[in-house]
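What follows is a single structure, written as structure tokens, with notes after it.
The values are calculated or read from the model by the stated rules, or taken from the named source; none is laboratory data. Everything numeric here is computed off the predicted structure, so don't read it as measured data. Cβ: placed from backbone, ideal geometry, glycine included. Neighbour counts: every protein chain shown. Ligands, DNA and RNA are stripped out before the accessible areas are found, and what is left, the full protein with its side chains, is counted by its heavy atoms. Shrake-Rupley method; radii C 1.70, N 1.55, O 1.52, S 1.80 Å.
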Amino acid sequence: MFDLSPADLAGPVLDCCAGGASFAAETPNVLAVDPSYAVGFDEMARRVRASLPGTDAIIDDHRDAFEWSWYGDPQRRLEIRSRAREMFLEDLRDNPSHYVAGALPNLPLAAKSVDLALCSHLLFTWSDQLDEQWHRAALAELVRVTRREVRIFPLVVQGTGEPVEFLDRLRAELPPSELRDVPYRFQRGARQMLVIDARR
Ligand SMILES: C[S@@+](CC[C@H](N)C(=O)[O-])C[C@H]1O[C@@H](n2cnc3c(N)ncnc32)[C@H](O)[C@@H]1O
């Protein structure tokens, strides 16, 4: 999704909003942050296991908005995601220090405490619910905690795949940034990530 190389992952990495993803379980040096971690292990396990059918309902409602070259078909996607959820839960139980409850735009992290920050499926994609001012504050916060680079994916609205009208306006206020193609394919129109140079 973020087209990551070993060099990208050499230092501390922030995954925010990590949710029930298995990235921190599978990758050294990753700190996962999400507000939902505040509920504790048992409730988190109940929620992530219950959420998979709900996610697929969004896909059912917008069938033409998705392509299947990456996952193959809906059943295969469900299997991949179910395995990821179980890896996440095992790691949450065994390595709770990998997981911190926190929410944008106020993360419980020191300034410049990670090399790379990754944010998937929150900023821009939920812009039907989170407004431009919230995005401005959330982007500033991701840059604040990051030494090198912030990457955000996708850049289109969930379900519809529409572009986000305030993306260019916010980019003009940020440190230098670029739109870079990613190999991941799922939501139509979601082919690029935003890469922000956080070094200054
Ligand atoms: C669609 S999930 C994405 C999870 C994961 N990044 C992925 O791509 O599978 C969105 C996540 O954003 C989290 N979230 C909601 N509001 C947030 C906020 N203000 N700051 C950080 N995370 C938030 C939710 O708890 C949820 O886990």
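The table below gives the values:
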item	result
Rounded accessible area of ARG169 (nearest 10 Å², 1.4 Å probe)	110 Å²
Among SER5, LEU179, GLN158 the positive-end extreme of the charge dipole of the chain (Cβ point charges)	SER5
Residues with amide H under 5 Å from that of GLU162, placed H, sequence gap 5 or more	VAL157
Antiparallel DSSP beta bridges within the chain, as percent of all bridges there, nearest 5	45 percent
For region 175-186, 3J(HN,Hα) per residue [Karplus equation, 6.51 cos²θ - 1.76 cosθ + 1.60, θ = phi - 60°, Hz, x = Gly/Pro]	x, x, 9, 9, 9, 10, 5, 10, x, 5, 10, 8
Within the chain, helix-based [θ] at 222 nm, where runs of 4 or more DSSP H residues each add -39,500 (n - 2.57), nearest 500	-10500 deg cm²/dmol
Shape of region 46-143, Cα gyration tensor, a/c cut at 1.5	oblate
Between region 132-160 and region 94-123, the Cα center-to-center distance that results, in Å	12 Å
Mean accessible surface per residue for the chain, computed with a 1.4 Å probe while every protein chain stays in place, in Å²	49 Å²
Label point distance in nm, SER5-ASN95, each placed 7 Å from Cα along Cα→Cβ	2.4 nm
Estimated dipole of the chain in Debye, rounded to 20 [Cβ of Lys and Arg +1, of Asp and Glu -1, Cα centre]	380 debye
Dipole moment magnitude, nearest 20 debye, region 1-91 about Cα centre, only Lys, Arg, Asp, Glu C-beta charged	200 debye
Percent carbon-and-sulfur accessible area, the chain, ignoring ligands, DNA and RNA, probe 1.4 Å	53 percent
Nonlocal amide H pairs with TYR71, under 5 Å, H built at 1.01 Å	none
Share of alpha-carbon pairs per 5 Å distance bin for the chain, given as whole %	1, 7, 15, 20, 21, 18, 13, 4, 0
Relative packing of peptides 146-157, 59-70, 19-30 - highest average C-beta neighbours within 10 Å first	146-157, 19-30, 59-70
Alpha-carbon Rg with Dmax, taken over region 41-101, Å	13.8, 40
